[in-house]
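First up is the structure itself, then whatever we jot down about it.
Any read-out appearing in this document is the output of simple, stated calculations on the displayed coordinates, not a laboratory observation. If you're wondering where the values come from, they're calculated on a predicted model, not measured in any experiment. So basically every Cβ, Gly included, is an ideal-geometry build from the backbone, and we count neighbours across all protein chains shown.
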Amino acid sequence: MTGRILGAIAGVFLFANAIAAQVNTPDLRQMSGVPLPTSDLPAGSISVRVVRGSFANNVTDATVTFDVSGKTTEVRTDAAGRAEIKGLASGARVKASAVVDGERLETQEVTIGQSGYRFILSTSAPAGAPSGPASAAPSPGAATPGPAVSGPVVLGPESRVIAQFSDDKLFIFYVLSILNSSSSPVDIGGPLTFELPQGALGAATVEDSSPQATANGPRVVVRGPFQPGTTRVTVRFELPYSGPVARLEQKWPAPLQQLIVFALKTGSLDLRSPQLSGQRVVTEQGQLLVVGSGPGMAVGETLTLDITGLPYQARWPRYVALSAAGVIVFAGLWAGLFATGSRSRGRAA
């Protein structure tokens, strides 16, 4: 996914897990490597923070390798676990990687555009703590799951909705954790289909999403069967708006275990929804985030979310000016025709 779109991730995605403990979200692995366009870094700048499982465990003096359009540069992390490069040319393709405790961590690729970008690279757990796989894959020697059986899936508590305003556009990201809690692959009787909000533009899945997911116009389709554990899908799209408030309405095709919503706060941007039972503004990595949470939602239930305080310039002054200009032009033409007619009648007399 390009950085321009992530200013279409959207969103993607979002230092959302920096406040995971406060809203019962999972650890930072869920956002590891995801780009966050940010206005507090100049265009052409990339900052990568390397941690072990949480922000309390910065990885210092680690080597971060930046790949800039095929050329690599190595930078060591500072006392805050950060490595940065600056002055990259617009259009350059950038990704970064680091090896921590024998684990290779990589970012998604971004394309340099109008903003800087921040990343988190997080290991599975702090050094010395037991760490598990990022997804529920069978361990070596474990029995291979058998044939698919009929059953349900849910959208696990790691799922979240993220809103980001960037480059005069509003982008929405769905980070979906499709959970099969059984020990066998599950066939739900067809694909899991997300009908996106009316007017959604440019829907696409993020490159690290499950290959079972495809974006097709106004919908996202996730094919089964679903293996035991978690199938991860991240979707981004643009939500057009014509005023200071944009409304997102999303019907869930499976039960949502917990509602978690994030927005990168730009100006007076805020969130409103009757389904949010708690909301606050926090600062993470110098970025203000609006965080909302609420109880789970049933299959078929619709999330109604208003993103308020969007930058918007009323069009009526322009329409008034154009109308006035039209009246002036019409009056000029009329006066000219009237004068011509008068001269003609004078000559005839």
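Quick notes on this one:
- Sorting 287-294, 188-195 by their mean Cβ neighbour count within 10 Å, with the most densely packed peptide first, gives 287-294, 188-195.
- Put simply, the convex hull of the Cα atoms in the stretch 27-127 casts, on average, a shadow of 5.8 nm².
- Protection proxy ranking, peptides 269-276, 110-117, average beta carbon neighbours within 10 Å, highest first: 110-117, 269-276
- Binned Cα-Cα distances of the stretch 157-331, short to long, each 5 Å bin given as a whole percent: 1, 7, 15, 18, 17, 13, 9, 6, 4, 3, 2, 2, 1, 0, 0, 0
- Globularity index of the stretch 185-281, i.e. its alpha-carbon radius of gyration over 2.2 N^0.38 Å: 1.23
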